[in-house]
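Participant: Supplied in structure tokens, the structure appears directly below.
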Amino acid sequence: MDPGRFERISGYEWRVEPVGTMRVPAVIYADEDLIRDMDDKVFEQVVNVAALPGIVGASYAMPDAHWGYGFPIGGVAAFDPDQGGVVSAGGVGFDISCGVRALTTGLPKAEILKAQRDLADALFRHIPAGLGSTGAIRLDAAEMDAMLAGGATWALARGWGEARDLERIEEHGCMKGAEPDAVSEKAKKRQKDEMGTLGSGNHYLEVQEIAEVFDPVAAEAYGLRAGEIVVSIHCGSRGLGHQIGTEYLREMAEAAARHGIRLPDRELACAPIDSDVGRRYLGAMRAAINCALANRQIIGHLTREVFAQFFPKTRLELLFDVSHNTCKIEEHEVGGKKRRLFVHRKGATRAFGPGHAELPEALRPIGQPVLIGGSMGTGSYVLAGTRESETRAYSSSCHGAGRRMSRHQALKSWRGRYVVDDLAARGILIRSPSMRGIAEEAPGAYKDVGQVVEAAERAGLSRKVVYLKPLICVKG
Amino acid sequence: MTLAPPPHATNWEHFSHVADVGVRGFGRTPAEAFIQTALATVAVMADPAQVEPREAVTLSAQAPDLELLLAEWLNALIYEMATRKMLFSRFAVVIEDNRLMATAWGEPVDRARHELGTEVKGATLTALRVAEEQPGRWVAQCVVDV
């Protein structure tokens with residue numbers, strides 16, 4: 001899109017002052033090239049969000065923003081319930097609480113290289129991935145509700161994981177305020193056999209080498225040392241979250257008019273926080289967050305089981321577990337006053353800075369780890385939250401590279417076999433049930449994640465700690 | 001087994017959306033266009049030509065208008081495919097007063113035979129459009145989240 005549509009505040013901040021129905025400004029953090037690469041729809045959407053009732057501060061877009069539905073992906077917006085603020089299913093997304101957890105292993109790269117092929121096969125066999133896959137876990141109605149209320153703490157009580165994991169998970173592994181009763185039977189049915197599964201599309205499990213350290217002090221505090229191995233898991237709330245997104249999007253599309261909310265666009269479906277549907281959605285969405293936390297906890301455990309076969313003396317420690325698609329109640333300072341706000345992050349990461357009370361003691365001096373997903377070949381980053389980010393975008397950062405090419409175009413550009421061979425020649429082993437899926441997710445279909453991360457750092461949203469290079473990728 | 005209808009002539013396309021996929025179908029009636037949009041949705045996950053119509057599933061949907069009905073129809077199909085771990089390739093659809101009744105024929109996902117793409121999570125209201133573009137030519141489209 002044309003950068004000329006914005007007022008340039010700095011090299012990395014672009015702004016639209018309120019006009020028409022906009023209640024607050026719209027702000028995009030990116031460099032000029034990233035702005036040029038963004039779809040015009042991002043402008044439209046970030047501006048439309050600025051028109052929603054009760055929005056506070058500004059409507060923000062992260063450097064990896066792209067065209068979503070209603071909100072842009074990479075959109076951040078906070079709403080005040082006391083000023084008629086809304087909650088939006090489209091402001092969270094379909095894959096509720098989709099996110100990343102990273103585990104440190106302390107293993108040097110050489111150890112992995114010795115077993116790379118067998119380890120890749122074992123991970124692929126042990127962790128269900130891809131369309132139509134099911135896990136070994138079956139939940140009856142009571143267990144389903146317990147899982148939705150308990151999140152990772154539920155998984156831990158059932159033997160998946162270790163107690164010390166919990167302090168390294170957002171919300172300490174359990175999102176409060178979840179209402180299993182606000183989740184439909186259909187959504188629960190969709191999840192019945194999907195616990196402990198990765199899913200498809202851009203979801204993955206990667207074994208990665210810490211290839212570059214940008215901030216040795218932060219890296220040390222995070223337990224990240226150059227040349228050592230990390231495992232990253234990217235997945236979400238699976239069928240349950242998708243169904244909740246589907247159902248409430250529809251219900252909010254009808255509710256908005258009833259509540260006198262004029263939508264610039266039907267897909268901005270939302271409802272007052274303080275309304276029946278608003279409250280039910282929040283209860284259901286929090287249950288879906290717990291589902292995602294439980295799912296990543298189980299997959300983390302399955303990963304440990306595989307590593308234990310190959311490296312019996314190695315302990316996989318959870319670095320952190322972050323979510324990318326959520327709406328959370330947080331306290332933020334606005335105009336010198338603390339306010340309790342409902343912060344929507346859609347394709348964006350919470351990025352609390354140093355000293356934040358929510359962070360575990362070991363991480364508090366550094367700030368929250370911000371885990372940026374890669375795409376098989378392009379690598380990933382670990383960033384750290386900054387204090388400035390609080391004033392930039394309610395302590396939020398980017399979440400990944402973002403696609404630059406449609407799946408359709410990617411399918412025309414690459415063959416899955418070619419991508420697998422090409423990556424193998426570069427030392428990256430891919431395991432997937434779907435060659436077509438690999439072609440759709442070819443690294444070349446994504447933007448340069450390095451450029452996105454650089455922009456996030458320059459904009460003050462977070463700072464670079466390490467770069468991770470993939471060695472094994474299990475792809476859904 | 002219910003007798004499946006003959007294969008549908010292909011009259012659908014995907015339209016460009018960077019992160020997700022736009023699905024669009026054409027037909028002489030809304031029902032025909034809805035069938036084609038359903039085929040376009042299945043095609044995100046697998047080639048409909050590889051999906052045998054072995055089992056029949058009936059489903060229904062209703063909505064305040066035809067556009068929301070399209071989203072409901074696709075979501076009903078996505079739900080059936082997700083919970084039954086099936087793919088569909090043939091459809092019979094009747095639409096009356098924004099109510100839809102349908103039978104979908106397909107088979108369980110078979111990784112050996114179906115060249116699988118990415119799972120469709122849900123139909124969105126993005127680029128949602130159902131319209132008679134010219135007399136006797138209906139278009140039905142939206143973006144599906146993948």
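Participant: For labels at residue A:331 and residue B:29 in the simple 7 Å Cα→Cβ model, what's the distance in nm?
Facilitator: A separation of 6.2 nm, rounded to one decimal place.
Participant: Under the rule of -39500 (n - 2.57) per DSSP H run of 4 or more residues, summed and divided by the residues of the protein assembly as shown, what mean residue ellipticity at 222 nm is obtained, to the nearest 500 deg cm²/dmol?
Facilitator: Computed ellipticity for the protein assembly as shown at 222 nm equals -9500 deg cm²/dmol.
Participant: Here's a follow-up. Label the range A:261-373 by shape, choosing from rounded, prolate and oblate, from the square roots a ≥ b ≥ c of the eigenvalues of the Cα gyration tensor; if a/c is under 1.5 it is rounded, and otherwise prolate applies when a/b is larger than b/c, oblate when it is not. Kindly include the intermediate steps, with their values, before the conclusion.
Facilitator: On the way: a/c = 2.88, a/b = 1.61, b/c = 1.79.
Judged from the Cα gyration tensor, the range A:261-373 comes out oblate (a/c at least 1.5, b/c at or above a/b).
Participant: Now for a separate question. Please report the net charge: other residues with Cβ closer than 13 Å to the Cβ of residue A:258, K and R +1, D and E -1.
Facilitator: On the way: positive: A:262; negative: A:251, A:254, A:276.
Net charge in that neighbourhood comes out at -2.
Participant: Would you mind getting me the FRET efficiency between residue B:113 and residue B:80? Use the beta-carbon distance for r and R0 = 35 Å, nearest 0.05.
Facilitator: Numbers: r = 20 Å, r/R0 = 0.57.
The calculated FRET efficiency here is 0.95.
Participant: Using the basic label-point model (7 angstrom from Cα toward the beta carbon), what is the residue B:134 to residue A:211 distance in nanometres?
Facilitator: 5.2 nm
Participant: Can you check what the net charge comes to around residue A:407, using other residues whose Cβ is under 9 Å from the Cβ of residue A:407 (Lys, Arg +1; Asp, Glu -1)?
Facilitator: On the way: positive: A:403; negative: A:440, A:441, B:20.
Combined, the nearby Lys, Arg, Asp and Glu give -2.
Participant: Can you compute the FRET efficiency between residue A:404 and residue A:8 using 1/(1 + (r/R0)^6), with r the Cβ-Cβ distance and R0 = 25 Å? Round to the nearest 0.05.
Facilitator: Working: r = 23 Å, r/R0 = 0.91.
Calculated value: 0.65.
Participant: If you count, for every residue in A:249-257, the Cβ atoms of partner chains within 10 Å of its Cβ, what is the mean?
Facilitator: Numbers: counts 7, 8, 0, 0, 6, 3, 0, 0, 0.
Per-residue shielding by partner chains comes out at 3.
Participant: How big is the A/B interface in buried accessible area, both sides summed, 1.4 Å probe, to the nearest 100 Å²? Numbers along the way, then the final one.
Facilitator: Working: alone 17500 and 7430 Å², together 21380 Å².
For chain A against chain B, roughly 3600 Å² becomes buried.
Participant: So how far apart, in nm, are the two label points at residue A:189 and residue A:448 if each is 7 Å from Cα heading toward Cβ?
Facilitator: In this crude label model, residue A:189 to residue A:448 measures out at 4.9 nm.
Participant: Report, in listed order, any pair from A:186/B:85; A:189/A:328; A:188/B:121; A:313/A:464; A:109/A:313; A:109/A:469 with a Cα-Cα distance greater than 19 Å. Mind showing how you got there, number by number?
Facilitator: Values: A:186/B:85 15 Å; A:189/A:328 26 Å; A:188/B:121 15 Å; A:313/A:464 31 Å; A:109/A:313 16 Å; A:109/A:469 11 Å.
Where the Cα-Cα span goes over 19 Å, the pairs concerned are A:189/A:328; A:313/A:464.
Participant: If you take the beta carbon distance between residue A:257 and residue B:52 as r and set R0 to 35 Å, what does 1/(1 + (r/R0)^6) give as a FRET efficiency, to the nearest 0.05?
Facilitator: Working: r = 44 Å, r/R0 = 1.25.
In this case the efficiency is close to 0.20.
Participant: Only sites in a loop by DSSP and with at most 15 other Cβ atoms within 10 Å count here; which GluC sites (Glu not before Pro) in the range B:7-116 make the cut? Mind dumping the intermediate values first?
Facilitator: Numbers: sites: B:13, B:32, B:55, B:67, B:72, B:80, B:96, B:115; in loops: B:115.
Passing both the DSSP loop test and the Cβ count: B:115.
Participant: How far, in nm, would the chain grow between residue A:36 and residue A:424 when pulled straight, counting 0.36 nm per residue and subtracting the alpha carbon separation? Intermediate results must be reported in sequence, preceding the final value.
Facilitator: Numbers: separation 388, 0.36 × 388 = 139.68 nm, distance 3.30 nm.
Gain in length upon complete extension: 136.4 nm.
Participant: What's the average, rounded to a whole number, of partner chain beta-carbon atoms within 10 Å of each residue's beta-carbon in B:10-21? Show your work: numbers first, answer last.
Facilitator: Working: counts 0, 0, 0, 1, 4, 2, 6, 10, 18, 14, 10, 4.
Whole-number average of other-chain Cβ neighbours for B:10-21 is 6.
Participant: OK, next. What trypsin sites (Lys or Arg not before Pro) does the range A:1-32 have in DSSP loop regions with at most 16 other beta carbons within 10 Å? Could the numbers behind the result be given before it?
Facilitator: Values: sites: A:5, A:8, A:15, A:23; in loops: A:23.
Passing sites in the range A:1-32 are A:23.
The values are calculated or read from the model by the stated rules, or taken from the named source; none is laboratory data. The structure presented is a predicted model; accordingly, all values stated were derived computationally and were not measured. When we count neighbours, we look across all protein chains shown, and the Cβ atoms used for this are built from the backbone with ideal geometry, even at glycine. Quick note on the areas: whole protein, heavy atoms, side chains included, nothing else; ligands and nucleic acids left out. Shrake-Rupley method; radii C 1.70, N 1.55, O 1.52, S 1.80 Å.
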